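The values are calculated or read from the model by the stated rules, or taken from the named source; none is laboratory data. What you see is a predicted model; the values in this text were computed from it and never measured. With ideal geometry, Cβ positions are generated from the backbone for all residues, glycine too; neighbour counts draw on all protein chains shown. All accessible areas refer to the heavy atoms of the entire protein, side chains included, with ligands and DNA or RNA removed. Shrake-Rupley method; radii C 1.70, N 1.55, O 1.52, S 1.80 Å.
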Amino acid sequence: MTTVLIRAGGAIPRLFLLCLGLAFCLTTVPARADLVSDDDYPPERIGKASWYGPGFVGRKTASGDRFDPNLLTGAHRTLPLGTKVRVTNLKNGRSVLITINDRGPFIRHRELDLSEGAARELQMKGQGVAQVLIQPL
């Protein structure tokens with residue numbers, strides 16, 4: 001015959017688990033901004049940028065905003081929506097600060113699609129495509 005131990009009420013295991021969970025929470029190290037490495041931040045890139053505008057006016061972007069070609073915005077495949085990016089035209093040195101609010105471009109070997117307003121600031125509207133430096137901020 002085997003003997004089985006019987007606990008009264010079962011309250012002790014729950015209390016023990018609660019204390020164990022609390023001890024774990026108190027010993028966990030919170031994430032600190034100074035522990036984030038530079039490897040976690042998107043690097044600067046050189047690539048081709050094009051611009052888009054007239055056919056997309058008023059359409060919703062990936063961020064939910066309506067596309068306005070006069071705003072300083074852009075589309076990128078992977079940068080988080082809302083990211084601020086400095087874009088510099090390598091041909092003339094002009095730069096502009098844009099906000100990523102859409103996805104694209106969907107043409108190979110292009111890094112950015114810029115709004116017409118951003119293209120105007122970079123003086124690349126006439127040529128359509130420009131070699132640019134992309135600096136996520």
**Prompt:** Taking segment 70-88 as the region of interest, how many residues are of a type in the set (A, V, I, L, M, F, W, C), farther than 17 Å from G47 by Cα and open to solvent by less than 80 Å² (accessible area, probe 1.4 Å)?
**Reply:** 2
**Prompt:** Restricting the search to segment 38-53, which residues are open to solvent by 100 Å² or more (accessible area, probe 1.4 Å) and either assigned to a loop (DSSP other than H, G, I, E, B) or touching a Pro at 6+ places or on another chain (Cβ under 7 Å) (or both)?
**Reply:** Y41, E44
**Fill in**
Those residues of segment 121-135 that are surrounded by fewer than 18 Cβ atoms within 10 Å (Cβ to Cβ), over 16 Å from I100 (Cβ atoms) and at pLDDT 95 or above come to a total of 3
**Residues located in segment 89-112, provided they are in a loop (DSSP other than H, G, I, E, B) and either open to solvent by less than 50 Å² (accessible area, probe 1.4 Å) or modelled with pLDDT under 95 (or both)** = G104, P105, F106, I107, R108, H109, E111
**Message:** Considering only segment 51-64, I want to know if a residue exists there that is touching a helix residue (DSSP H, G or I) at 6+ places or on another chain (Cβ under 7 Å), of a type outside the set (D, E, K, R) and farther than 22 Å from Y41 by Cβ.
**Reply:** yes
